[in-house]
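Input: a single structure, listed below in C-alpha cells.
The values are calculated or read from the model by the stated rules, or taken from the named source; none is laboratory data. Please read these numbers as outputs of a predicted model, since none were measured by experiment. Because the Cβ atoms are built from the backbone with ideal geometry, glycine has one as well, and the counts that use them run over all protein chains shown. Ligands, DNA and RNA are excluded from the accessible area calculation, which covers all protein heavy atoms including side chains. Shrake-Rupley method; radii C 1.70, N 1.55, O 1.52, S 1.80 Å.
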Amino acid sequence: MTLITSKVCVVGDFAVGKTSVVERFVNNQFSEKYLTTIGVKVDTKEIDLPLRHVTQKLIIWDVAGSDHFGDSEISYLRGSAGFIFVVDGTRPQTLKTARSLRRQIEAKYDRRPSVMLANKKDLTNAWEISADQIESLADDYDAVYRTSAKTGDDIETALIRLADLIVGRELHE
Amino acid sequence: MSLPGHVIEYLQDAFAAETRPFCFLIDEHGSLVATWGDPAWCGLQDFAPGTNMLEATPYIVGILDDEPHKLNFVTTGAGVIVHLRTIPHESQHYVVLLDAGEQHDFLQQKQQSSNELRLLHRGQQRLIARQRDLISDLVEAKAELDHLRREAERSSASKSQFIAMMSHEFRTPLASIVNYADLALEDGVSDNQIHKSIEAIGRSGRHLTSLVEALLDDARLEGGHIELREKFFDLYDLLDDLAAMMAPLAAEKALSYATLVDADVPRRVRADEVRLRQILINLLGNAIKFTEEGSIRLLVTYHDGRLAAAIIDTGPGISAEDQDKVFRAFERGSQSGRAGAGLGLTITMRLAHLMGGDISLDSSPGRGCTVSVHVPVSTAPTADSRQDPALPTPDEDVCATRPTSILILDDDEDMLALIEHYLHRAGYGLIVSSSGSEAISKAVAYKPDLVILDVNIPGINGIDVALNLRRQGFDKPIVALTASTLSAAEQASFTRYFQKPAKMPALLAEVKRLTHDD
C-alpha cells in the first residue's frame with residue numbers, strides 16, 4: 001500500500017459542528033458541550049483505500065468557524081488538497097455562509113475536491129433545510145451528505161469519499 | 001525604528017521567556033538539520049538530525065514554500081497551542097513554535113461567550129417567529145370561528161325570520177278563507193255576498209298555492225331536483241305574453257311598460273321556456289312591485305348563443321349592502337316590509353344558474369335598478385321574419401264593438417305609448433299627437449269618436465285644446481287624463497276627467513261607454 005499524505009480543511013460557520021465531525025471521525029467520540037475553536041486544530045487520521053492500494057494519511061485542519069475569512073484564516077488553507085464544508089441543517093443561514101466561504105477559497109486557491117456535510121441530521125424536528133436546497137448543492141460540491149456527528153451517520157462515508165477524490169486527483173496528476 | 005541595544009536585549013529576553021520559542025531547521029525533504037530551544041513544552045522530543053519532521057509535526061505539511069508564513073493559534077495533535085512561523089532560507093526552512101496557550105484561553109473565553117450569545121439570540125428569534133406563527137394561526141382560527149358563528153346566527157335568524165314571515169303569509173289568506181266561509185254560511189246572506197265570498201276564498205287559495213309552489217320550487221332547486229325541459233319555442237310570443245301580463249300591472253300604478261327587442265334576437269330558440277318565463281315574470285313582477293313612478297323596460301339582446309334580458313326600472317334602487325342580500329332566501333333587504341316570501345330572486349337566480357346562465361344587478365339608491373339575466377340558448381334557422389306581435393284580446397266589456405277612432409294628446413312618450421297600447425288592444429283606431437296645435441288640426445281633419453287630452457303640456461294646453469274644439473263645433477266626448485288637479489270650472493271643459501295614475505280598466509270602460517252608448 002502506498003502512503004499518501006494530504007492536508008484537508010474543515011470550514012463553515014460557527015457552531016455547525018466542525019470540531020464534532022472531526023472528533024467523530026478521528027476518535028469516534030462526541031461531546032454535547034459546545035467549545036469554540038480558536039485558530040485551527042490539527043488532527044491526523046489514516047484511511048485505507050484498498051481499491052486504490054493506497055493508505056491515505058489525512059492531516060485535518062479544523063478551522064475556527066466564521067462567516068468570512070480574514071487574511072490570517074485564509075492562510076490556514078494553504079496547501080489544502082481538499083475541503084470539507086459543514087452546515088447546520090437547523091440554520092439555513094449557514095448554507096449561505098458555506099457558499100460565501102467557498103467563493104472566497106476559490107478566489108484564492110485552485111479548485112480542490114470538496115464535500116458538503118449538512119450536519120445535525122439527528123435534530124429532525126428543528127431541521128429547516130429542504131431536500132430541494134440540498135439537491136441544489138450537487139453542482140457546487142463533489143458530494144453532499146446529511147450527517148450527524150452525534151450519531152456518526154455518514155461522517156466516515158463522507159471523509160472516505162473526499163480522501164478517494166483527493167487520491168484520484170493526485171494519481172491522475 | 002531603532003531601540004537602544006540593551007532595550008532590545010530586554011525585550012528579546014521577555015519575549016523568549018513568555019513564548020518559549022522552539023526552533024528547528026529542515027531541509028528540502030523535511031528532514032531535521034538542527035534544533036534550538038526546549039521542545040518539551042510543545043509535546044516534542046529531542047529529535048535526532050535526519051528525523052522526518054513532516055511526520056513528527058504534520059501541521060507543517062503543505063505550508064512550506066518560498067514565503068515566510070505566520071499561523072496563529074495552531075492546536076497540535078498533542079493538544080498544545082502554538083503560534084507557528086515558517087521562514088524559508090535557501091532550500092531549507094526554519095520552523096518556529098511559540099507558546100500561545102495563555103492568549104488562546106483568554107480569546108476562547110471571549111469568543112465562546114460571543115458565540116453562545118449569538119446562538120441564544122437565534123433561539124429567541126426562532127421562538128418569537130414560532131410565537132408569531134401561533135398567534136397568526138390563532139387569529140385565523142378565531143376569524144374562521146367568528147365567520148362560522150355569524151353564519152350560524154344568520155342562518156338561525158333567517159330561519160326564525162322565515163317562520164315568522166311564513167306564519168304571517170299563511171295566516172292572512174287562511175284567515176280570509178275561514179272568515180269568508182263563515183260569512184257564506186250565515187243566515188240571510190245574499191247570493192251576491194256568497195258569490196263574493198267564494199271569489200275571495202278562491203283568491204286566497206290561489207295565493208296559498210303560489211306560496212307553497214315557491215317554497216317547493218326553492219327546495220327543489222336547492223336540492224338539485226329540477227330538470228330542464230328544453231325545446232324550441234317562439235321567443236317573441238313569450239315576450240308578447242309577458243307584455244300582456246305585465247303592462248296592465250304597470251298601468252295600474254301609472255307606470256309605462258315597454259319591451260325593446262334587439263334586431264339580432266332570434267325568433268325561435270331552444271331553452272326551457274317554462275323556466276325562462278318564470279325568471280322573467282319574477283324579475284318584471286319585482287320591478288313593478290318596487291317602482292312607484294316612471295317606467296319598466298325589458299330590453300332583450302342576443303350575442304354568441306347567449307340571450308340577455310335586462311329589466312330596467314326607475315324604482316328606489318338598491319343599496320350595495322342590500323344587493324348582497326336580495327338573492328339570499330328569505331331576505332329582502334330594506335324592502336322586507338313588502339308582501340312575498342322573499343324567495344323570488346333566490347329562485348330566479350337558481351333557475352338562471354340551472355340553465356347555465358347568470359344574473360347580475362346594477363343599482364344604487366335613487367337611480368333605479370337594472371337586473372340582467374344571461375342564459376345560453378340554441379337557435380334554429382327560420383324563414384320567419386319578425387312580425388308585430390298579436391296582442392291578446394282584453395275583456396269584452398272594454399273592447400270596441402264597432403269601428404271607433406280615438407285621438408290622444410300627451411307630450412310624455414311613455415304615457416302615450418301606454419295608452420296607445422291599451423286602446424289598441426281593445427280594438428280602437430288611434431290618432432296620436434304630442435302637441436296641442438297638432439291635436440286640434442288632427443281632430444278637425446279626422447273627426448275622431450273621442451278625444452283624450454293631457455292638460456299640462458307645453459304650448460296650447462289641454463284645456464285650451466278642448467275649448468278650441470268646442471268652439472269649432474266638435475261635439476264628441478273629450479276626456480281629460482292628467483296628473484294635474486282641475487278646478488270645477490276647468491273640469492267643465494271636458495266630458496270626463498281622469499287623474500293620473502288612472503286605473504286602465506276604468507278608463508277603458510269609460511271610453512267604451514262614451515263611444516258606444518247611443
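The rows are residues; the columns are (1) open to solvent by less than 50 Å² (accessible area, probe 1.4 Å); (2) free of Cβ contacts under 8 Å to residues at least 40 places away in the same chain; (3) polar (S, T, N, Q); (4) within 13 Å of another protein chain (Cβ to nearest Cβ).
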| site | (1), (2), (3), (4) |
| --- | --- |
| B:49 | no, yes, no, no |
| B:71 | yes, yes, no, yes |
| B:77 | no, yes, no, yes |
| B:82 | yes, no, no, yes |
| B:95 | yes, no, no, no |
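This table checks each residue for (1) within 18 Å of residue A:10 (Cα to Cα); (2) not in a loop (DSSP other than H, G, I, E, B).
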residue	(1), (2)
A:110	yes, no
A:115	yes, yes
A:129	no, no
A:135	no, yes
A:148	yes, no
A:156	yes, yes
A:164	yes, yes
A:167	yes, yes
Item to complete: Among what's in the range A:77-92 and is in contact (Cβ under 8 Å) with a residue 60 or more places away in the chain, on the phi < 0 side of the Ramachandran plot and assigned to a loop (DSSP other than H, G, I, E, B), pick the residue that is farthest from the other protein chains (Cβ to nearest Cβ).
Response: A:77
Worksheet item: For residues in the range B:440-461 being assigned to a loop (DSSP other than H, G, I, E, B) and among the β-branched types (Val, Ile, Thr), which is surrounded by the most Cβ atoms within 10 Å (Cβ to Cβ)?
Response: B:455
Response to the item:
Checked B:229, B:206, B:220 against criteria (outside any helix (DSSP H, G or I) and either of a type in the set (D, E, K, R) or in contact with a Cys (Cβ under 8 Å, 6 or more places away or on another chain) (or both)); the one match is B:229
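Considering each of B:57, B:19 in turn, give the residue that is open to solvent by less than 20 Å² (accessible area, probe 1.4 Å), among the hydroxyl-bearing types (Ser, Thr, Tyr) and within 14 Å of chain A (Cβ to nearest Cβ). Step through it out loud before you land on a result.
Numbers: B:19 fails: within 14 Å of chain A (Cβ to nearest Cβ).
It is B:57.
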Practice prompt. Report yes if some residue within the range B:128-147 is open to solvent by 50 Å² or more (accessible area, probe 1.4 Å) and closer than 30 Å to residue B:29 by Cβ; otherwise report no.
Written response: no
Worksheet item: Does residue A:10 satisfy the condition of being under 19 Å from residue A:77 (Cβ atoms), open to solvent by less than 10 Å² (accessible area, probe 1.4 Å) and assigned to a strand (DSSP E or B)?
Response: yes
Practice prompt. Count, please, the residues in the range B:60-69 that happen to be more than 7 Å from chain A (Cβ to nearest Cβ) and hydrophobic (A, V, I, L, M, F, W, C).
Written response: 2
Discussion item. Looking at the structure I just gave you, is residue A:106 farther than 30 Å from residue A:125 by Cβ and either assigned to a strand (DSSP E or B) or away from chain B (no Cβ under 11 Å) (or both)?
Written reply: yes
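Residues are listed down the side, and each one gets a yes or a no for (1) within 60 Å of the chain's Cα centre (by Cα); (2) at pLDDT below 95; (3) more than 24 Å from residue A:3 (Cα to Cα); (4) not assigned by TED's automatic domain parsing to the domain that holds residue B:16:
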| site | (1), (2), (3), (4) |
| --- | --- |
| B:41 | no, yes, yes, no |
| B:67 | no, yes, yes, no |
| B:85 | no, no, yes, no |
| B:90 | no, yes, yes, no |
| B:95 | no, no, yes, no |
| B:116 | yes, yes, yes, yes |
Response to the item:
residue B:437 passes all but one of the listed conditions (1) assigned to a helix (DSSP H, G or I); (2) among the polar types (S, T, N, Q); (3) surrounded by 15 or more Cβ atoms within 10 Å (Cβ to Cβ); the exception is number (3)
Worksheet item: Among the residues of the range A:23-47 satisfying the criterion of being within 21 Å of residue B:54 (Cα to Cα), open to solvent by 10 Å² or more (accessible area, probe 1.4 Å) and of a type in the set (Val, Ile, Thr), which is farthest from the other protein chains (Cβ to nearest Cβ)?
Response: A:47
Worksheet entry | Residue satisfying condition, being in a loop (DSSP other than H, G, I, E, B), over 22 Å from residue A:57 (Cα atoms) and hydrophobic (A, V, I, L, M, F, W, C), within set B:48, B:16 | B:48
Fill in: Unmet requirement for residue B:27, which otherwise passes all of (1) modelled with pLDDT of 95 or more; (2) within 14 Å of chain A (Cβ to nearest Cβ)
(2)
Worksheet entry | Residue ID - most open to solvent (accessible area, probe 1.4 Å), chosen from residues in the range B:467-508 that are assigned to a loop (DSSP other than H, G, I, E, B) and in contact (Cβ under 8 Å) with a residue 60 or more places away in the chain | B:503
Item to complete: Would you point out the residue of the range A:48-76, among those that are crowded, with 24+ Cβ neighbours inside 10 Å and more than 15 Å from residue A:37 (Cβ to Cβ), that is nearest to the other protein chains (Cβ to nearest Cβ)?
Response: A:58
Worksheet, complete the sentence: Scanning the range B:74-95 for residues that are among the hydroxyl-bearing types (Ser, Thr, Tyr) and more than 19 Å from residue A:45 (Cα to Cα) gives B:86, B:91, B:94
